[in-house]
Every structure is written in C-alpha cells, then in structure tokens.
C-alpha cells in the first residue's frame, strides 16, 4: 500500500511539470485533510488571533456570483454565472468565515479572480449566500445548487450564530508568498514551507509524501520567481 501511495505522489511530481496538467485539481483533496489545522495555526502564530477555532465544515468550489453588466442605456443585464473560490471555512465562536484560494503555481494568481475576492471581502456572508440562491434559481444545474444550499443550511446548524456571520477573510495558499498584493489590496498567504514545517510531526505515508512534493514545489518556485520576477503580477513577500 505504501508503494502505491508513493507512486501517486511520484506521478504528481513528474506530471506537474507538463504544460496542461492541472496539479491543483489533483492535490486539493490532500490539502483538505490538513486545512483546518494549518489555517488555525496560521491565524494563531502569524496573525496573532489566539482564540481562533474553526468548524470542521469545509465547502469546496464555492460560487461567487459575477457582477451584473451595466448597459449604455443605464439598464442592467442580470448575470447569474459565477466564479469559484476553492474553499469556504467557518469560525465556531467568531462571526467570521474564511475564503481560501489554493494556488500550486506562482503564475496562477489572476486579476479577475483577485478582483472578485476583493469584492467578496467587502460583503457580508448573508449577502453572498443570497446571491448563491439567485444562481440556484437561474442555473441549468439547479439541482446541484439546491444541494449546495441545503448542505450549507444543514452544516450551519453545527456553527454557533451561523446566521450572524458577517466578516469575511480571504487567505491564499501559494507556493512561496506570505502576502499577495494588488494596488491597495493585500491578502495574507500561507506558503508551502509553512505547511511542510507544520506537517513535520505527522509520520504516516500520506503526510510524508504530501510534504515531500510541497517542499519540491516550494524550492522550484523560489528558483522560478528569482528568474522571472519582472513577469510576476503580484508582490510576494517570502
């Protein structure tokens, strides 16, 4: 069994260097195993929020409604499509939810997504949840959106004062960045080195294999960023 798991990560390490291979979509399930612990440690040690406690609830691929379009005649064209944030997490004892955006490549932070996350941060959770319900009403995949709404409502029963959530934090997970900035907006980022150090106590084969590939990506990304810093869109501090 160990050899098979090692083979999975060996393949990921080879294939991540290929031009069309989407590593994020293969690694994200492994991130979710450790996400609650890593994000809590980050808040406590880096952001100095010692009383943070996250729910076990994680919502993947959470839809953020795209903006309506203003027409030349000053009318609005309603838009019910979305862009997604990789994970939404919830605090148990604070009126806060956290949007997590995962990047496994240093060049994959893009303007449009950054802008939607910036706008989302300025909204309240209830407003964003209501927008999901609007997408549900107009989507060709309404059954899945209905399942999402029902899932959120059900999971919300496990979170104190779920209906009163208002503050939204945005956190990136990025190979090397500890902060990602654009214009006057700055988001904190958990880099892979931080994750590897916090997984060092885990001695099972999955944790060790996962840490090994994250460390390789971290090292490779540092070298790439040094060579092409002028092409990198966002300030990174690491």
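Given points 7 Å out from each Cα along the Cα-Cβ axis, report the residue 4 to residue 222 separation in nanometres with one decimal.
3.6 nm
Given segment 97-136, what whole percent of its Cα pairs are spread farther than 13 Å? Please report the intermediate quantities before stating the final value.
On the way: 477 of 780 pairs.
When every Cα pair of segment 97-136 is considered, 61 percent fall beyond 13 Å.
Tilt of helix 142-156 relative to the longest C-alpha principal axis of the chain, in degrees (0 to 90, nearest 10)?
Approximately 80 degrees, to the nearest ten.
If contacts are Cα pairs under 8 angstrom and at least 6 residues apart, what is the relative contact order of segment 1-127 in percent? Spell out each step's value before the answer.
Working: 120 pairs, mean separation 22.2, N = 127.
Over segment 1-127, the number comes to 18 percent.
Answer rounded, prolate or oblate for segment 162-204, using the Cα gyration tensor with square roots of eigenvalues a ≥ b ≥ c: rounded when a/c is under 1.5, else prolate when a/b is larger than b/c, else oblate. If you can, show how the numbers build up before the last one.
Working: a/c = 5.08, a/b = 1.38, b/c = 3.69.
It is oblate, given that a/c is not under 1.5 and a/b is not larger than b/c.
Would you mind getting me the FRET efficiency between residue 146 and residue 113? Use the beta-carbon distance for r and R0 = 25 Å, nearest 0.05.
It comes out at approximately 0.45.
Give me the angle, in degrees from 0 to 90, between the Cα long axis of helix 2-15 and the longest principal axis of the Cα atoms of the chain, rounded to the nearest 10.
Once rounded, one gets 70 degrees.
For the chain, evaluate the Debye formula with one uniform point scatterer on each Cα (no solvent term) and list log10 I(q)/I(0) at q = 0.18 Å⁻¹, rounded to two decimals.
-1.47
What is the log10 of I(q)/I(0) for segment 1-115, computed with the Debye formula using one identical point scatterer on each Cα and no solvent, at q = 0.15 Å⁻¹?
-0.89
Just want to confirm a number: the relative contact order over the chain, from Cα pairs under 8 angstrom separated by 6+ residues, in percent.
This gives 19 percent for the chain.
Could you calculate the contour length gain from residue 197 to residue 45, that is, 0.36 nm times the residue separation minus the distance between their Cα atoms, to one decimal place in nm?
53.4 nm
Give the shape of segment 13-75 as rounded, prolate or oblate, defined through the alpha-carbon gyration tensor: a ≥ b ≥ c are the square roots of its eigenvalues, a/c under 1.5 means rounded, and otherwise the shape is prolate if a/b is larger than b/c and oblate if not.
oblate
What whole number of Å gives the distance from the Cα centroid of segment 50-117 to the Cα centroid of segment 135-211?
10 Å
What FRET efficiency would be calculated for the residue pair residue 154, residue 13, taking the C-beta separation as r and a Förster radius of 35 Å, to the nearest 0.05?
About 0.40, to the nearest 0.05.
I'd like the orientation of helix 125-138 relative to the chain: the angle between its Cα long axis and the longest Cα principal axis, in ° from 0 to 90, rounded to 10.
The angle comes out at about 70 degrees.
Quick note: the coordinates plus some simple rules give every number you see, no bench work behind them. Just so it is clear, the structure is predicted and the values come from calculations on it, not from any experiment. Note: ideal-geometry Cβ built from the backbone for every residue, glycine included; neighbour counts use all protein chains shown.
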